[in-house]
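Down below is the structure, laid out as structure tokens.
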Amino acid sequence: MSESRSDATPQVPVTPPAGRYDDAETGSALTGKVMAGFLVVLVGALLVAGVVTMYRLNATPDITGELFGVTVVDDGRTDLVVNVTRDDPATPVYCIVRAQDQTKGEVGRREVYVPPSESGTVQVETSVATFSRGFTGDVYGCGDDVPEYLRR
């Protein structure tokens, strides 16, 4: 009835040969779970660090500077009046102001220290040295990380 054929492929054993793989399957399964747990904690810590970094970079207090007045004194000097508004008036800040020519090209720049005050908005007057005649000015930006050389 059913005779074995010589050209038939032999059956593959269901279990791997002894000694080929680690026989301590319980230990390797535990090591894999520990490694997976470690990787989950590591990825979670990296995500938290990224969120904290993004928050610290973007969560600066509101400090705004607005040009209030411009007086062109001569070819080498432009006087600017700037209103600086900040959320915390007790925090010292600084602003970068610029003198510009008629094409809005920068002809002079200066950093202005704004000391702590009792008012949320203060008016600051400053002179900007220029290398050619100024026409107008602007506030490039303000910040609360005041460089040491500006502190008095």
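Brief remarks on what is shown
- When the residues of region 1-31 are filtered to those that are in a loop (DSSP other than H, G, I, E, B) and among the charged types (D, E, K, R), the one that is modelled with the lowest pLDDT is 23.
- Flag for residue 99 being touching a Ser or Thr at 6+ places or on another chain (Cβ under 9 Å), hydrophobic (A, V, I, L, M, F, W, C) and loosely packed, with under 13 Cβ neighbours inside 10 Å: no
- Residue within region 32-42 that is outside the structural domain of residue 124 (by TED's automatic domain parsing) and either under 24 Å from the mean Cα position of the chain (by Cα) or in a strand (DSSP E or B) (or both) present: yes
- The set of residues from region 100-136 being farther than 24 Å from residue 151 by Cβ, in contact (Cβ under 8 Å) with a residue 24 or more places away in the chain and not β-branched (Val, Ile, Thr) comprises 100, 101, 102, 104, 131, 132, 133, 134, 135.
- Subset of region 75-96 that is of a type in the set (Val, Ile, Thr) and under 23 Å from the mean Cα position of the chain (by Cα) - its residue that is nearest to residue 118 (Cα to Cα): 91
- Checking each residue in region 105-137 for being of a type in the set (Ser, Thr, Tyr) and outside any strand (DSSP E or B) picks out 117, 119, 130, 132.
The values are calculated or read from the model by the stated rules, or taken from the named source; none is laboratory data. Quantities reported herein were computed from a predicted structural model and do not represent experimental measurements. Cβ coordinates were reconstructed from backbone atoms using ideal geometry, including for glycine residues, and neighbour counts include every protein chain displayed.
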